[in-house]
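What follows is one structure encoded as structure tokens, with my remarks underneath.
The values are calculated or read from the model by the stated rules, or taken from the named source; none is laboratory data. This one's a predicted model, so the numbers in the text were calculated from it and none came from an experiment. Please note: Cβ atoms are built from the backbone with ideal geometry, for glycine as well, and neighbour counts cover all protein chains shown. Each accessible area value is taken on the protein alone, full model and side chains, heavy atoms only, with ligands, DNA and RNA left out. Shrake-Rupley method; radii C 1.70, N 1.55, O 1.52, S 1.80 Å.
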Amino acid sequence: MLRSGEWKMMPREKLAKYGASNLSDLELLRLLIGSGNKQASAQSISKQILKLLRDKGSSVTYSELVNIKGMGIAKTSEIVALFELGKRYLMPAENPVISDTDAAVEQLKDIRGKKQEHFVVLTLDGANRLISNTVIFQGTLNQSLVHPREIFAKAIEDRAASIVVAHNHPSGNVEPSDEDVQITEKLREAGQLLGVPVNEHIIVTKYSHWSI
């Protein structure tokens, strides 16, 4: 615990002596900003960034940061890169890495025994860490229902680097139908155009799975 008077220490000194957890949000930002510049002080810039973070959280964009008075291209790039590394490697353990088909199938337990078909999209960050697991469609699936617009709307919302799509076969037959293959190709083509690749399309049944 910090004693009276030690809260007045410079952020860098407090970090070295007591660790990052004893610094306020503003002090942490002051360390990132440094000394400020002619346009704005480090304190002023930090307060503006903190307000933005509290309003927008992890959805803060490059353009929003660079438009803060006193923020230049170099400093904005450093902070955005730091935020991205934090999202990729410092996310809580409940956000698993989807490094292969088995890891993806582990996230599909809820749909394996369903009596209706469910179409799911797993959105992933640049380190293949799971961002979200969302049911997009429910019922008999066909190409007219599985439209890339709905699939990639979720990917864009999550700022995903890639996605895995999956659906269940209530019949228990795990082999892909011609329709499944056609849907996969359509989504892969859309993913290439949008820059959000479809890593794989997985079919699951109660006891097995198949990766197209």
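Descriptive notes on the structure:
- Restricting Ala103, Ala127 to those that are of a type in the set (A, V, I, L, M) and without any contact (Cβ under 8 Å) to a residue 24 or more places away in the chain reduces the list to Ala103.
- Count - residues of segment 164-212 that are open to solvent by less than 40 Å² (accessible area, probe 1.4 Å), in contact with a Lys or Arg (Cβ under 6 Å, 6 or more places away or on another chain) and not polar (S, T, N, Q): 2
- Put simply, of Tyr18, Tyr62, Tyr89 the only residue that is aromatic (Phe, Trp, Tyr) and at pLDDT 90 or above is Tyr62.
- The condition (being in contact with a Phe, Trp or Tyr (Cβ under 8 Å, 6 or more places away or on another chain), part of a helix (DSSP H, G or I) and within 19 Å of Lys87 (Cβ to Cβ)) is satisfied by just one residue among Ser58, Ser63: Ser58.
- Among residues that are over 20 Å from Gly86 (Cα atoms), out of contact with any Ser or Thr (no Cβ under 7 Å at 6 or more places or on another chain), among the small types (Gly, Ala, Ser) and open to solvent by 40 Å² or more (accessible area, probe 1.4 Å), Ser41 is included.
- Only residues that are assigned to a loop (DSSP other than H, G, I, E, B) and open to solvent by 90 Å² or more (accessible area, probe 1.4 Å) were counted in segment 8-38, giving 3.
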